[in-house]
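These notes are about the structure you will find just below.
The values are calculated or read from the model by the stated rules, or taken from the named source; none is laboratory data. Given the structure is predicted, the values throughout are model-derived calculations rather than measurements. Reconstructed Cβ throughout: ideal geometry from the backbone, glycine too, with neighbour counts over all protein chains shown. These area figures cover heavy atoms from the full protein model, side chains too; ligands, DNA and RNA do not enter into them. Shrake-Rupley method; radii C 1.70, N 1.55, O 1.52, S 1.80 Å.
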Amino acid sequence: MRPVTADFLEATRASYDAIAPAYTDRFSDWPADSPTLDRSLVTAFAELAREHAPAPVADLGSGPGSVTAHLHALDVPVFGVDISPRMVALARRAHPQLRFHVGSMTALDLPDETLGGILALYSVIHVPDDHLPRAFAEFHRVLRPGGHVLLAFQSGDTDDRTHLSERFGEEISLDCYWRTPDTMADALTKAGIRPQARVLREPLGEEKRPRAFLLARRAA
Ligand SMILES: C[S@@+](CC[C@H](N)C(=O)[O-])C[C@H]1O[C@@H](n2cnc3c(N)ncnc32)[C@H](O)[C@@H]1O
C-alpha cells in the first residue's frame, strides 16, 4: 500500500475502527432496508459496470461490505477498499467469498486503467475540499476509458461541515463535508470524469439532509 500520511486520514481510520462493530450492526441490512430508489440506482450502475466485465468495480469506502455483496449478487466482479482495517476485517468475515483490502481513495494501490467502475457511497464525504482533486485524479487514473463512477453523498451547502466527536457511544474525531451536486460535478469534471446523471432525493425517515447520487463517466 502507498503511504498514507495526512492527518484527516488517520482520524477517519481511527474513528471508523472505533465504531466499526456498531456501524456494521446498524447498517449491514442493505439492500433489504434501503430505499427502493437508492437500490435501483445501484442496480443501474451495476448494469453499466457489467459492460466492462471482467474489469472489476472497486467499492471505495466499502464499510460493512453489504453494497459490495449486492453488486456481487448482480454478477458484477467487485472488491472493496476501506481505510479502516477493522471495517475490512468485519466485511471479510461477513462476506468471505469477496475481496476487501485496506487502502485510501486518495492513493489507490491499483494499476492504471484497470477498473470497469467505481462505487463510492457516503465515503467521499470524509475527504476535505483540498484533497478532493487528488481523490478524483486517482479515480480517473484507475478507471478504464468509458468506466462509470457512482457517488452518493448527503447534499448540503459547500463550506458546511460537521465534526463528530461521538457516535454509537464511542469517542471519535470525524469530519463530514457537505457539498452540492454542482460542486461535486465540477470536481469530477476537472478530473476528466464527465457527469452523466444526477438524482437529489428528499430525506427519508431519520435522514437530516437530501441524498445526492451522481453518475459520471471517464471519457471513452
Ligand atoms: C459512511 S461509511 C459508508 C460505507 C458504505 N459505503 C455504505 O454505504 O454502507 C464511510 C466508509 O468510508 C470509509 N472511508 C472514509 N474515508 C476513506 C478513504 N479516504 N478511503 C477509503 N475509505 C474511506 C470509512 O472507513 C467508512 O467505512
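Table: residues versus (1) free of Cβ contacts under 8 Å to residues at least 60 places away in the same chain; (2) among the small types (Gly, Ala, Ser).
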residue	(1), (2)
Phe8	no, no
Ala18	no, yes
Ala22	no, yes
Asp25	yes, no
Asp38	no, no
Leu41	no, no
Leu48	no, no
His52	no, no
Ala58	no, yes
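If you go through the stretch 183-220 and keep only what is in contact (Cβ under 8 Å) with a residue 40 or more places away in the chain, open to solvent by 50 Å² or more (accessible area, probe 1.4 Å) and outside any strand (DSSP E or B), you end up with Lys190, Leu204, Lys208, Arg209, Ala220. Looking only at residues of the stretch 127-152 that are touching a Phe, Trp or Tyr at 6+ places or on another chain (Cβ under 8 Å) and crowded, with 20+ Cβ neighbours inside 10 Å, we find that the one that is nearest to Ser173 (Cα to Cα) is Val127. Scan the stretch 13-29 for residues that are among the polar types (S, T, N, Q), farther than 9 Å from Glu170 by Cβ and within 9 Å of the ligand (Cβ to nearest atom) and the total you get is 1. Residue count for the stretch 101-126 satisfying the condition of being open to solvent by less than 10 Å² (accessible area, probe 1.4 Å), more than 10 Å from the ligand (Cβ to nearest atom) and closer than 25 Å to Ala11 by Cβ: 1. Taking Pro96 as the residue in question, decide whether it is away from the ligand (no atom under 11 Å from the Cβ), open to solvent by 10 Å² or more (accessible area, probe 1.4 Å) and within 21 Å of Ser28 (Cα to Cα). In short, yes.
One line per residue, one yes/no per condition, for (1) closer than 20 Å to Phe27 by Cα; (2) out of contact with any helix residue (DSSP H, G or I) (no Cβ under 9 Å at 6 or more places or on another chain):
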position	(1), (2)
Thr162	no, yes
Gly169	yes, no
Leu174	yes, no
Asp186	no, yes
Gly192	no, no
Gly205	yes, yes
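Scanning the stretch 12-29 for residues that are of a type in the set (S, T, N, Q) and closer than 14 Å to Asp82 by Cα gives Thr12, Ser15, Thr24.
What about Tyr16, is it under 30 Å from Glu202 (Cα atoms) and under 15 Å from the mean Cα position of the chain (by Cα)? In short, yes.
Within the stretch 127-156, the set of residues being within 15 Å of the ligand (Cβ to nearest atom), within 14 Å of the chain's Cα centre (by Cα) and not acidic (Asp, Glu) comprises Val127, Leu132, Ala135, Phe136, Phe139, Val149, Leu150, Leu151, Ala152, Phe153, Gln154. Of all residues being open to solvent by 20 Å² or more (accessible area, probe 1.4 Å) and near the ligand (Cβ under 10 Å from one of its atoms) in the stretch 30-66, which is farthest from Ala216 (Cα to Cα)? Just the residue, please. The qualifying residue farthest from Ala216 (Cα to Cα) is Trp30.
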